[in-house]
Every structure is written in C-alpha cells, then in structure tokens.
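The values are calculated or read from the model by the stated rules, or taken from the named source; none is laboratory data. Small disclaimer: the values here were computed from a predicted structure and weren't measured. Don't worry about glycine lacking a Cβ; one is built from the backbone with ideal geometry, like all the others, and counts go over all protein chains shown.
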Amino acid sequence: MPSICILTTVHNPFDSRVFYKEACSLARAGYDVTLLGQGAPDTTIDGVRLKPLPPRPPAHRAWRRWFRLPGVWRRARREDADVYLIHDPELTPVGLLLKLGGRRVVYDVHEHVPYQILDKAWIPRRLRPALAWLYDHYERAIVGRFDAIMAAFEQIADRFPRADPVIIRNVPEVDRWQPAHPADPSADGTLIAIYAGAVQPDRCILELVQAMDHVDPVLGVELWIVGGFVAPDYEAQVRAAAGERVRLVGYVPHHEIPALLAGAHIGLMSLRPQLNSSVNWPIKLFEYMAAGLPMVMTGNPFWLDLAGQCAVTVDIEDPHDIARGIDTLARDPALRVELGQRGRRLVHERYNWASQERELIALFTRLIGPPD
C-alpha cells in the first residue's frame, strides 16, 4: 500500500493535529503511516507506527538543533516512503534534501511564522523585523519546491499564492468531545474554570492565577491549569502565586483532555494579544466550543467572529478584569448554558474535522494514489 512518513521535531508526537487528526485519518483511510517524532514511543497506535527521534536540546542550547537535522534526514530517508509530510519550519531543509533525492514532500504550515518572530520576546526587538522579513522570503522561496502545501487557515495560505495551498483547518473531531454540563456544579459544589494547553507567559497563566484572588469565594470557583510548564522560572512564579483555589494539574495526554473539559464549567482562552494570534485559528478555542463550555477570553475581533459570541470578553492581561469575566459566568448558570450550547452547535455545523479529513485524503490520493 502507499506509504506516508510524517516528520516533526518541534511538536509532541501526540499533538492533536499531527497525530490524532492527520496521522490517524490517513491510517484509517488505508495508507501505511509512520510518524517520526521526538520522544515518540516505538510502537503502533491506531494504525500509526511511531518511531522516536532524539529530544530537542534545552532552550539555552537551541542552536544545537540545527546540527541534528542531517541525522533526521538520514532517519527519514531510511523509511523509503512514497511521500513525506513535514510539520515544522526547521524541517524545511530536510524536506529540500528529500526532494533532491527524488522523494515527494508535503509541507504543513501551522502558523504565520513571520508574525511569530515579531512576537518573540527572547529576540532583541531591533532584530525582529529583519529576521521576520528574511524568514518570510525564505519560506516563500522554498514552498514552490515541495509537491504540496497544507495551510491551517486562510491567512497562512494567502502568503503562498503561487503554491496553491490546500487549507486543512485544525478543528475538532466531533465524536471525541463529550458535552459538558456547565449549569451543574461538581459533586462537591465547585465550579471549575479550566485552562488546558502549554503553560507559558504568552498564555497569561500567571494572570489567571492572580485573578483568583479577586473572584468572590462565595461562588465556589476553582481554577484548573492543565498542561506542562515550559520554563522553570515561570513555573516558580505561578506556583508562588497559586492559592488554595488553584489546582496545577500538570501535563495530561491529549486523549484525556475531552473528559477533563466535560467535567468543567468555564473555559479560559487566555492567549495574550499578539500579531500571530490576531489571525490564527487556535485549536483551544474550538475544543472548548466542542465541549460546550462558555469561555472567558480576550476581545480579539477575529476570534469573536469565529466563536459566534459564545464568550465573555475581558482584558486577559488584567487579573481584575479576568475575575470580572469569571464572576459573570459563575453567577449565571443560564448564561453558561446558552453560550456553551451556541459554541457546540457551531462546531457541529461548521468547525469539525470530518470535512477537513476528506480534503486531506483527497490531497494524498492525488499525490500517491488511493490506498490499496
């Protein structure tokens, strides 16, 4: 049968888009799918063969990651796949080497990377515009060398008009997301306000924790932070600020997230306003909607348009205003139900993976033929 090798050196091998959506969908369709990822277990799950790549170097030695790319290329070449699907900008040189070896290559562009560069706090501010310009021109130049480009949303696709990208949206698989019951408190009487995702400064986690000092204790709200800390110093700040009503759950495998959201009452969309977030389609937004959770989030007009008015808007960088948004939902069970149902309905009608899966399979059928 036609074979597909998926490569990622940045994402978790069980990233929802990389594994649960693309790899599993292609395997279910009948393709022979192998996923090479950092720290992946050497096993087969849901028809996808996973094989490990070495982990990324620590952040303070990030420059070393470029020296492992030749090894990644050699490892990928040994798979002798009919087509290679690469997921990360740093893998574009590996994709070019595979093309030079006569292989088919598809590049999945998840993010508006030039905007990401402009938002990176660790890059000196004066250097960001030049680096964003250089990367933008590099990426535009190389995409034409690949056999196909997949873009996660229109604002990415618009950067590559000559490459005719296929838009594959990162939206939920409806069947995986159990409905929450936001009007009904937990068995112990608490209301759970939940954040699930990477725990890092641009997600305003510290501000969420600080907001709990201003939420009326009578409301019985408990904050759950679900996800792994990215930096030890930020973890120390968050832990120092966390009181009795904050639960730092830690990393939870993605397949367990639906059950956690189903038991919650309020979803926290806490990404800090940035250039990149002003145009992207954040998967967390749609996962909260798929679970039927009302949301507290920043007033990003683009997100509000996507979400169909199923959130209370706040200044996500102001703990007092975050507390106001949580209070508003905690005091009004009917509003929680109304906003949650509105979001879940939108996911079922408009933002679901089934249509994207058909586009994904059609793309690979054009490139390497139908599964045997």
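Structure values in brief
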item: Long-range neighbours under 6 Å by Cβ, at least six apart or interchain, first residue on the phi < 0 side of the Ramachandran plot within region 357-372, second of a type in the set (S, T, Y) and modelled with pLDDT of 95 or more; result: E357/S25; L360/S25; P371/Y31
item: Looking only at region 339-356, and only at residues there that are without any contact (Cβ under 8 Å) to a residue 40 or more places away in the chain and either of a type in the set (D, E, K, R) or outside any helix (DSSP H, G or I) (or both), the one that is farthest from D80 (Cα to Cα); result: R342
item: Residue that is at pLDDT 95 or above and either farther than 24 Å from R176 by Cα or outside the structural domain of L223 (by TED's automatic domain parsing) (or both), where the choices are L363, L293; result: L363
item: Qualifying positions in region 189-218 - surrounded by fewer than 17 Cβ atoms within 10 Å (Cβ to Cβ) and either over 22 Å from P232 (Cα atoms) or in contact (Cβ under 8 Å) with a residue 60 or more places away in the chain (or both); result: G189, T190, P201, D213, H214, D216, P217, V218
item: Some residue of region 231-240 being under 18 Å from the mean Cα position of the chain (by Cα) and closer than 30 Å to A151 by Cα; result: no
item: Among the candidates R56, R126, R78, R68, residue that is charged (D, E, K, R), buried (at least 18 other Cβ atoms within 10 Å of the Cβ) and either at pLDDT 85 or above or under 23 Å from D15 (Cα atoms) (or both); result: R68
item: Near pairs, Cβ below 6 angstrom, 6+ apart or cross-chain, from region 245-256 (under 26 Å from V18 (Cβ atoms)) to any residue that is small (G, A, S) and assigned to a loop (DSSP other than H, G, I, E, B); result: Y251/G228
item: Flag if A264 is in contact with a Leu (Cβ under 8 Å, 6 or more places away or on another chain), touching a residue at least 60 places away in the same chain (Cβ under 8 Å) and not polar (S, T, N, Q); result: yes
item: Filter result for the condition that a residue is under 16 Å from A291 (Cα atoms), under 22 Å from the mean Cα position of the chain (by Cα) and in the same structural domain as L339 (by TED's automatic domain parsing), over G267, G228; result: G267
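Results for (1) among the small types (G, A, S); (2) at pLDDT 95 or above; (3) over 27 Å from R17 (Cβ atoms), shown as yes or no for each residue.
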| position | (1), (2), (3) |
| --- | --- |
| P182 | no, yes, no |
| A187 | yes, no, yes |
| L191 | no, yes, yes |
| I194 | no, yes, no |
| G197 | yes, no, no |
| R203 | no, no, no |
| V209 | no, yes, yes |
| H214 | no, yes, yes |
| V218 | no, yes, yes |
